[in-house]
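The values are calculated or read from the model by the stated rules, or taken from the named source; none is laboratory data. All figures in this text were calculated on a predicted structure; none of them were measured in a lab. Every residue, glycine as well, gets a Cβ built from its backbone with ideal geometry; the counts of neighbours run over all protein chains shown.
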Amino acid sequence: MTDLNPKTRLETHEVTNQPTARGDLDLWADDHVLRHYAHLFGADEVDLAIYGKCLGRENMREAGRLANRFTPELRVFDRSGRRVDEVTFHPAYHQLMQAGLEAGYAARPWEDRPGGHATHAGMVMMQNQVEPGVACPMTMSYAVIPALDANPEIRDTWRPRLMSRHYDPSVRPANQKTGATIGMAMTEKQGGSDVRANTTEATRDGDAYRLRGHKWFCSAPMCDAFLTLAQTKGGLTCFVVPRWTPDGRRNGIHIMRLKDKLGNRANASSEIEYHDAYAQRLGEEGKGVKTILQMVHHTRLDTAMAPAGLMRAALSEALWWVNGRAAFQRRLIDQPLMQSVLADMVLEYEGTVALGLRVAQAFDGPEAADRAFARIGVAIAKFTSNKRCVNFIYEAMEVLGGVGYVEESPMPLLYREAPLNSIWEGAGNVIALDIQRSLARESLAGEVLMAELAAARGCDSRLDAAMDDFSARWPHGAPESEARWFAARAGTLLKAGLLVRHAPEAIADAFIATRIEGQRGDVMGAIALGDPRAIVARVNDSAAA
Ligand SMILES: Cc1cc2nc3c(=O)[nH]c(=O)nc-3n(C[C@H](O)[C@H](O)[C@H](O)COP(=O)(O)OP(=O)(O)OC[C@H]3O[C@@H](n4cnc5c(N)ncnc54)[C@H](O)[C@@H]3O)c2cc1C
């Protein structure tokens, strides 16, 4: 309220021209774009509605902020000098983990109900809007489940724990807990992309093995077990390494230090050493890469969906700001050039969500063609959406002006997070080459990619011409040096094809004009669309309310 007392009134402290506080949000109900594609691609809208409402509440968004600000701490020894190798987290971290696992973040895709992966993908998107760090252990716990099929005994032990929908952060043997999480430790100092360079050694010890070696990255070291790779006589092999040995002792997994990372701060990423750590083999000796790829394939879905969440959080914040802020006697939302910047973001966002959820639907599909499209599609979506994400967040930050650069706004968190999903689970070049290799080795990969593009033929002559050019230029994929171009173009065409079939006409038309036809410069908002208001309106009604 304005202070009218001339003695106490401080005119410079009167707050004007700032948006009202955001309060509770609903990450599901407020997001038409997510709802549209989640419906179209078979997600469970009830599950998503519950999770989106829960995560959007002010207290959960505050928990996200706290979990990032008060970062995990490594405790190597107890007060008596015994090794404990524990990491402690702020209570907000546990609050978010509990909400996610109870909502079915890890379990839902494997429950006997349809649409599990599409539902999971929507959850990934919403989780990333609030706090991306906790997504890492939850994602790994989701993704490890199909890899466990390589050993029925291990599967039958761990699967019920992972599927329990309980979060149990206590540091005890997993058989004494109400729920468990599993992480992954592949990367070593001498090679991350090239895991065949792993030097960790596994030697037989009765039915089990003992591991000696290091891992350069092991995120979420408080997980109850890790999938890891080590060399045996038969070659690189996959193992499950529990935190506790079967006789109830702490396993020989030493946490050497936590990484001081650019972002993803709520998540403890560590370096570890195996000191004759007890391990059970998962799959045959020498088939380690094949076995762990089952897990990697599924974590890739999450890295393809995460940028959609980061984009949505940034866009939503930008819209809230421009609706509540004026400059030069006009609200920012009404400034034509600001509308161009926002419209360009809306197009990017919708394309990212559409492709991500279409790929997630393929993960749910029963046919060989679904599985083939899931494999090639997830790599294309991961590549293209992450490459667009960093610049998107930076532009959204600039929409807020100076306060976008300040830690009280969510923009710095989003900005620091933005590059990560491109790096892990296969960095950009590795993914682009992987796409190329799949096309060369699996004829079905090329067939399903072309079939997906062909489904959009006849809807827009500009898109048809671009597809002709694409097919003529790379009839069997691309040379190695052009793999990025191929991946980026395939992503843009897939997005355009989905939008032309499923988005409102104004969105599809503008996407094609700017991303296919060339009515766009090389910076966000450099678009020649005349009046971009209809595009901004696609996402702005809830922000304006
Ligand atoms: C925050 C964070 C958490 C992580 N958590 C985990 C974890 O829990 N478990 C785990 O195992 N790993 C984890 N990682 C590691 C991550 O998966 C690797 O960093 C990643 O796979 C890349 O491996 P690298 O760092 O060894 O890079 P390199 O393999 O050395 O690659 C460096 C660059 O070379 C490029 N490149 C590689 N091969 C080629 C080629 N043939 N042609 C052209 N370019 C090429 C890559 O694209 C990349 O840009 C984590 C990483 C981060 C940042």
Checklist outcome for this item: Checked ALA445, ALA432 against criteria (out of contact with any Phe, Trp or Tyr (no Cβ under 8 Å at 6 or more places or on another chain) and either modelled with pLDDT of 95 or more or surrounded by fewer than 20 Cβ atoms within 10 Å (Cβ to Cβ) (or both)); the one match is ALA445
Item to check | Which listed residue, of ALA135, ALA150, ALA92, is under 17 Å from the mean Cα position of the chain (by Cα) and modelled with pLDDT of 95 or more | outcome: ALA135
Next on the checklist: Under 7 Å between Cβ atoms, which residue pairs at least 6 apart in sequence (or on different chains) link something in the range 117-146 that is assigned by TED's automatic domain parsing to the domain that holds ALA360 with a partner that is within 12 Å of the ligand (Cβ to nearest atom)?
Outcome noted: none
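Only residues that are in a loop (DSSP other than H, G, I, E, B), within 16 Å of the ligand (Cβ to nearest atom) and not small (Gly, Ala, Ser): list them for the range 390-443, please. Step through it out loud before you land on a result.
If we filter the range 390-443 for residues that are in a loop (DSSP other than H, G, I, E, B), which is where we start, we get 400, 406-410, 418-419, 424-427, 442.
Restricting the remaining residues to those that are within 16 Å of the ligand (Cβ to nearest atom) gives 418-419, 424-427.
PRO419, TRP424, GLU425 - these are the residues of the range 390-443 that are in a loop (DSSP other than H, G, I, E, B), within 16 Å of the ligand (Cβ to nearest atom) and not small (Gly, Ala, Ser).
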Next on the checklist: Pairs needed: first member in the range 424-452, under 27 Å from THR139 (Cβ atoms); second member anywhere, within 8 Å of the ligand (Cβ to nearest atom) and assigned to a loop (DSSP other than H, G, I, E, B); C-beta distance under 6 Å; at least 6 residues apart or different chains.
Outcome noted: VAL430/SER193
Checklist entry - Would you pick out the residues in the range 322-341 that are among the hydrophobic types (A, V, I, L, M, F, W, C), surrounded by fewer than 14 Cβ atoms within 10 Å (Cβ to Cβ) and assigned to a strand (DSSP E or B)? => result ALA327
Checklist entry - Out of the residues in the range 141-167 that are among the small types (Gly, Ala, Ser) and touching a strand residue (DSSP E or B) at 6+ places or on another chain (Cβ under 7 Å), which is farthest from THR178 (Cα to Cα)? => result ALA150
Checklist entry - In this structure, is ALA360 in a helix (DSSP H, G or I), small (Gly, Ala, Ser) and touching a Phe, Trp or Tyr at 6+ places or on another chain (Cβ under 7 Å)? => result yes
Checklist entry - Hey, ASP24 hits all of (1) free of Cβ contacts under 8 Å to residues at least 40 places away in the same chain; (2) within 21 Å of MET138 (Cβ to Cβ); (3) not assigned by TED's automatic domain parsing to the domain that holds ILE145 but one; which does it fall short on? => result (2)
Checklist entry - Can you spot a residue in the range 156-176 that is in the same structural domain as ASN264 (by TED's automatic domain parsing), outside any loop (DSSP other than H, G, I, E, B) and within 16 Å of the ligand (Cβ to nearest atom)? => result no
Checklist entry - In this structure, is GLY491 under 24 Å from ASN386 (Cα atoms) and crowded, with 21+ Cβ neighbours inside 10 Å? => result yes
Checklist entry - MET450 versus (1) within 16 Å of the ligand (Cβ to nearest atom); (2) modelled with pLDDT of 95 or more: which is the lone unmet condition? => result (1)
Next on the checklist: Can you tell me which of (1) away from the ligand (no atom under 13 Å from the Cβ); (2) in a loop (DSSP other than H, G, I, E, B); (3) over 21 Å from LEU347 (Cα atoms) is the one CYS459 doesn't meet?
Outcome noted: (3)
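Do you know which of the residues in the range 190-202 that are more than 7 Å from the ligand (Cβ to nearest atom) and outside any loop (DSSP other than H, G, I, E, B) is farthest from ILE154 (Cα to Cα)?
Here is the first cut: in the range 190-202, the ones more than 7 Å from the ligand (Cβ to nearest atom) are 190, 195-202.
Those still in the list that are outside any loop (DSSP other than H, G, I, E, B) too: 195-197, 201-202.
Details: VAL195: 23, ARG196: 24, ALA197: 26, GLU201: 21, ALA202: 18 Å.
In this case the residue turns out to be ALA197.
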Next on the checklist: Can you find a residue that is in contact (Cβ under 8 Å) with a residue 24 or more places away in the chain, within 16 Å of the ligand (Cβ to nearest atom) and of a type in the set (Lys, Arg) anywhere in the range 495-510?
Outcome noted: no
Checklist entry - How about the range 246-300: which of its residues are within 13 Å of the ligand (Cβ to nearest atom), of a type in the set (S, T, N, Q) and farther than 22 Å from GLU201 by Cβ? => result ASN264, ASN267, SER269, THR299
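Quick one: in the range 203-245, of everything that is among the small types (Gly, Ala, Ser), assigned to a strand (DSSP E or B) and within 24 Å of the chain's Cα centre (by Cα), which residue is farthest from the ligand (Cβ to nearest atom)?
Kept after step one, since they are among the small types (Gly, Ala, Ser), are these residues of the range 203-245: 206, 208, 213, 219-220, 225, 230, 234-235.
If we keep only those that are assigned to a strand (DSSP E or B) as well, we get 208, 213, 219, 225, 230, 235.
Subset that is within 24 Å of the chain's Cα centre (by Cα): 219, 225.
Numbers: SER219: 3, ALA225: 13 Å.
So, considering only residues that are among the small types (Gly, Ala, Ser), assigned to a strand (DSSP E or B) and within 24 Å of the chain's Cα centre (by Cα), the one farthest from the ligand (Cβ to nearest atom) is ALA225.
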Next on the checklist: What are the pairs with Cβ atoms under 7 angstrom where one residue, in the range 245-273, is aromatic (Phe, Trp, Tyr) and the other, located anywhere, is more than 14 Å from the ligand (Cβ to nearest atom)? Sequence gap at least six, or different chains.
Outcome noted: none
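Does the range 410-424 contain at least one residue that is modelled with pLDDT under 95 and either farther than 16 Å from HIS476 by Cβ or among the charged types (D, E, K, R) (or both)?
Step one: of the range 410-424, the residues modelled with pLDDT under 95 are none.
No, the range 410-424 contains no residue that is modelled with pLDDT under 95 and either farther than 16 Å from HIS476 by Cβ or among the charged types (D, E, K, R) (or both).
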Checklist entry - Could you give every pair whose Cβ atoms fall below 6 Å, whose first residue belongs to the range 208-223 and is in the same structural domain as ALA185 (by TED's automatic domain parsing) and of a type in the set (Phe, Trp, Tyr), and whose second residue is outside any strand (DSSP E or B) and within 14 Å of the ligand (Cβ to nearest atom), counting only separations of at least 6 or pairs across chains? => result TRP216/THR187; TRP216/LYS189; PHE217/THR187
